[in-house]
Amino acid sequence: MSPARRIRQKSNMETRRRDPHVLSPLRRDQTRQRGAGPSGILTVKRRLLKMIVSNLQPLEIPEDPNFLGFAEALSSSVAIPTVPVMRSLLPKVYNEEEQKLRHILASADDIVLTCELWSSRPEDSFLTIGCHFVDNLGSLKSFMLKTTSLFGDESADNIQIQLSAVMEDWGVTPKVHAVIRAGMPQLKKVKARWTHIPCFADTLNEVFKVLMRDDDLSSVLRKCQNIVRFFKYDSAAVTELRKLQNKLGVKPEELIMYSGERWLAWLDMLQRLDQQYQVMVMVFNNSKKTELILNETEKENLKKIISALEPLRESISMLKGKGFKTISVMLPVLKTLMEKLEEEKRKKNNVAQKLLTKCKEEFGDINNYKMATATFLDPRYKDQLGDRNRKLALDKITKDLSNGKAQQATKIQNQLYTYMDYPPTPEESNPLSWWRHKGKDMFGDLSKLALKQLGVVSTAVPLERAFSAAGDHFCSRRSAIEPENLNMMLFLNSNWSGDAQH
């Protein structure tokens with residue numbers, strides 16, 4: 001044995017002593033024979049499957065020559081599981097996690113569903129359905145339930161049938177009181193036992209599309225796209241750009257290429273281009289690419305678009321973190337957004353005016369807002385409603401909890417006034433935990449209603465996918481999954497958070 005191999009083997013042994021869960025090289029007989037847990041599934045197999053589903057990679061990746069070469073470089077003694085092994089392991093792990101989730105949902109009270117309609121190809125459309133509820137500790141829990149094919153029928157009736165079938169299959173039908181939908185305008189006027197609510201992020205993306213429908217603005221956006229594309233695909237131009245940046249003391253930021261429909265990703269691309277634009281013009285002149293140079297009107301429109309989209313970025317900064325956020329945050333976000341767009345409008349920014357008009361069309365009067373009750377019941381934002389929204393919330397809550405009984409109505413109103421006098425909690429605090437514990441002791445009947453209202457999520461997809469280009473990458477990956485594995489892969493991608501060592 002060579003000295004280098006002895007050192008590597010000693011290092012592996014030391015690592016295993018420190019952490020028994022570290023995946024260390026196994027002898028081939030160990031790989032074939034050693035099992036873990038009652039299912040007898042090997043550690044290496046489960047860890048490979050966990051990597052595949054967490055990144056939505058194809059099950060065929062164990063046969064990819066480059067992956068095999070990488071694994072061989074790490075250790076020639078580890079036998080990589082074959083594709084048939086991965087195919088047989090996938091449903092086993094799926095069934096394990098499904099049973100765990102069924103047990104969890106059995107103890108949940110009020111449940112909210114999210115549904116996203118998407119297509120892998122024009123003829124293939126799917127409905128992905130998730131669920132959300134508040135647990136006993138006051139934490140919002142989110143899980144994937146099912147991804148089902150609509151077989152080309154995207155009608156409101158078929159979507160309703162699929163939703164009902166998933167609720168029934170999971171035994172949550174009487175617990176579901178709201179469904180958050182991404183898109184699906186066909187459900188706007190549909191009456192159901194649950195409340196249909198549009199996805200906040202999806203609606204904001206619709207607001208941005210008003211710019212795409214304006215010929216002058218869409219022309220600027222496409223030209224900016226072509227400018228970035230030129231530098232992405234022409235290595236000589238990039239080299240010259242870097243030299244000029246270095247010579248002029250301009251920070252060489254990486255250009256961002258984007259072609260989707262998410263406004264935040266467009267803003268990132270436009271801002272980065274604007275920062276580098278003066279140096280780019282020098283490259284265009286030297287390379288005889290003057291058709292890519294923006295004229296004065298185009299440059300002015302570019303500045304206006306950036307200034308109009310900035311308020312959107314500032315307002316959604318309130319939606320911090322990953323996962324899902326309660327619907328109560330929508331009103332404060334919209335209030336901030338519209339105030340900033342009004343400021344831009346007063347500066348004669350016609351782009352901001354277009355966005356503001358579309359916001360009012362999509363969200364209505366935010367001073368008499370239909371989601372005001374949820375914001376009122378959020379102890380962080382209860383003092384930010386304004387008189388009309390506060391009155392709307394007080395009347396709605398009193399009506400819902402009093403059941404038409406005058407004596408009960410007086411009791412509820414007294415609780416509400418006491419709650420209004422209570423100091424707001426910090427913005428970084430958890431309103432669900434507050435109501436599950438402190439609020440329950442102090443305000444009794446309000447607690448159950450508050451947890452039900454605040455358990456409604458604002459977006460149909462996690463925040464990390466809702467606004468950024470990461471959402472496009474996720475959609476591309478899931479579209480490449482084999483249909484027969486699609487439901488299991490997406491289910492495990494969302495729900496399989498535990499250790500994969502067994």
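Of note:
- Of all residues assigned to segment 459-470, at least one qualifies as being under 24 Å from Tyr258 (Cβ atoms), hydroxyl-bearing (Ser, Thr, Tyr) and crowded, with 18+ Cβ neighbours inside 10 Å.
Residue-wise test of (1) in the same structural domain as Trp435 (by TED's automatic domain parsing); (2) acidic (Asp, Glu); (3) farther than 30 Å from Lys304 by Cα; (4) surrounded by fewer than 21 Cβ atoms within 10 Å (Cβ to Cβ).
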site	(1), (2), (3), (4)
Leu337	no, no, no, no
Glu342	no, yes, no, yes
Lys348	no, no, no, yes
Ala372	yes, no, yes, no
Thr375	yes, no, yes, no
Pro379	yes, no, yes, no
Arg388	yes, no, yes, yes
Leu401	yes, no, yes, yes
Gln413	yes, no, yes, yes
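- Residue check, Arg477 within 24 Å of Gly321 (Cα to Cα), among the charged types (D, E, K, R) and surrounded by fewer than 20 Cβ atoms within 10 Å (Cβ to Cβ): yes
- Residues located in segment 71-126, provided they are hydroxyl-bearing (Ser, Thr, Tyr), in a helix (DSSP H, G or I) and more than 25 Å from the chain's Cα centre (by Cα): Ser88
- Among the candidates Leu187, Leu204, residue that is of a type in the set (A, V, I, L, M), under 19 Å from Lys370 (Cα atoms) and out of contact with any helix residue (DSSP H, G or I) (no Cβ under 6 Å at 6 or more places or on another chain): Leu204
- Helices (runs of 4 or more DSSP H) contained in segment 433-502 and holding at least 1 residues in contact (Cβ under 8 Å) with a residue 60 or more places away in the chain: 445-454, 463-466, 470-479, 483-495
- Index of the failed condition, Asp157 passing every other in (1) within 22 Å of the chain's Cα centre (by Cα); (2) free of Cβ contacts under 8 Å to residues at least 24 places away in the same chain: (1)
- Set side by side, the residues Ser142, Ser125, Ser120 differ, and just one is more than 17 Å from His177 (Cα to Cα), among the hydroxyl-bearing types (Ser, Thr, Tyr), touching a Pro at 6+ places or on another chain (Cβ under 9 Å) and surrounded by 13 or more Cβ atoms within 10 Å (Cβ to Cβ), which is Ser120.
- Unique residue being farther than 19 Å from Leu211 by Cα and out of contact with any Asp or Glu (no Cβ under 7 Å at 6 or more places or on another chain) when the list is Met282, Met338: Met282
- For segment 308-356, taking the residues that are polar (S, T, N, Q) and in contact with a Pro (Cβ under 9 Å, 6 or more places away or on another chain), the one that is nearest to Leu270 (Cα to Cα) is identified as Ser315.
- Qualifying positions in segment 127-149 - under 13 Å from Met488 (Cα atoms) and among the basic types (Lys, Arg): Lys146
- Against the criterion of being buried (at least 19 other Cβ atoms within 10 Å of the Cβ) and under 22 Å from the mean Cα position of the chain (by Cα), Pro198 qualifies.
- Residue match in segment 242-261 (condition: closer than 26 Å to Phe474 by Cβ and in a helix (DSSP H, G or I)): no
- Qualifying residue in segment 233-254 (condition: in contact with a Leu (Cβ under 8 Å, 6 or more places away or on another chain), surrounded by 16 or more Cβ atoms within 10 Å (Cβ to Cβ) and in contact (Cβ under 8 Å) with a residue 12 or more places away in the chain): no
- Taken together, the residues in segment 172-211 that are touching a His at 6+ places or on another chain (Cβ under 9 Å) and part of a helix (DSSP H, G or I) amount to 1.
- For segment 134-154, a residue qualifies if it is of a type in the set (A, V, I, L, M, F, W, C), more than 17 Å from the chain's Cα centre (by Cα) and either assigned to a strand (DSSP E or B) or assigned by TED's automatic domain parsing to the domain that holds Gly321 (or both), and exactly one does: Val134.
- Check on Lys303, basic (Lys, Arg), outside the structural domain of Asp472 (by TED's automatic domain parsing) and either touching a strand residue (DSSP E or B) at 6+ places or on another chain (Cβ under 8 Å) or modelled with pLDDT under 95 (or both): no
- Of the helices (runs of 4 or more DSSP H) contained entirely in segment 348-417, those carrying at least 2 residues that are under 16 Å from Ser328 (Cα atoms), in contact with a Ser or Thr (Cβ under 9 Å, 6 or more places away or on another chain) and modelled with pLDDT under 95 fall at 387-402.
The values are calculated or read from the model by the stated rules, or taken from the named source; none is laboratory data. Because the structure is a prediction, the values reported are computed rather than measured. Positions of Cβ are generated from backbone atoms using ideal geometry, with glycine treated the same way; all protein chains shown enter the neighbour counts.
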